[in-house]
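What follows is a single structure, written as structure tokens, with notes after it.
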Amino acid sequence: MNEYLQSIIDRDPAAKSKLSLILTYPGVKAIFFHKIANFFAKAKFDLVARVISQLSRFLTGIEIHPKAQIGKNLFIDHGMGVVIGETSEIGDNVTIYHMVTLGGISPSINSDSQRQIKRHPTLMDNVVVGSGAQILGPVVIGENAKIGANAVVTKDVPNNAVMIGIPARNVGTSSNEFKPYAVTEDTKEIDNEK
């Protein structure tokens, strides 16, 4: 827990203390509830797991399916409107801002054919997803990739890529250092040149 809270302080200049994170950050609460819901989902108590996840959604504005797989130190900043689908997989030290969807693209018809298959994204380690971004389908977002605010990603993203736009396009290579909202000075210059 101490490592998790410190990882948020390292990424958020507004974070003043570990106690304030526990008491006031909805992303921290959502991760706490997800750990409980995920425990029940793994034990095949699906209804209990879903009730816990829906309680968390009500309290935090963040919806994480109980079966989503989440690595260590996920930081959901602000959080309102974040949706993480059932077969999503999230690596370590990932940062997600508000209004992000890790969703599927399958139609709602013939749901039985879509059970037990990968329908949602995989985010590798150290990914940053800017506010409002939509990552849809069973795509893989490579390590250290940055997804800009409001980007719509429907294809795999290579390691260290900087993705912006609708549909998202690769506009450069990111450094390994943390950049909030996935925007860098280099990205701004590349985008202005196009």
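So here's what we get for this one:
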read-out: For HIS65, HIS120, order by how many other beta-carbon atoms lie within 10 Å, fewest first; value: HIS65, HIS120
read-out: Using θ = phi - 60° and Karplus 6.51 cos²θ - 1.76 cosθ + 1.60, couplings along region 28-39 (whole Hz; Gly, Pro as x); value: 5, 5, 4, 5, 4, 5, 4, 4, 5, 4, 5, 4
read-out: Whole-number D in µm²/s for the chain (Stokes-Einstein; Kirkwood sum over Cα pairs; 20 °C, 1.002 mPa s); value: 127 µm²/s
read-out: Paramagnetic label zone (point 7 Å from Cα along Cα-to-C-beta, LYS42; backbone N under 14 Å) in region 69-104; value: 69-72
read-out: Expected 222 nm ellipticity per residue - DSSP helices of 4 or more, -39500 (n - 2.57), all of the chain, to 500; value: -9000 deg cm²/dmol
read-out: For the chain, built as a Gaussian network whose Cα springs stay under 10 Å, the top-fluctuating residue of GLN114, GLN69, GLN134; value: GLN114
read-out: Size of charge dipole - the chain - debye, nearest 20, with Cβ of Lys, Arg +1 and Asp, Glu -1, no other charges; value: 700 debye
read-out: DSSP-defined antiparallel bridges as percent of all bridges, the chain, nearest 5; value: 10 percent
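Read-outs: derived from the displayed coordinates by stated rules, not from any lab. Because the structure is a prediction, the values reported are computed rather than measured. Glycine gets a Cβ as well: all are built from the backbone with ideal geometry, and neighbour counts include every protein chain shown.
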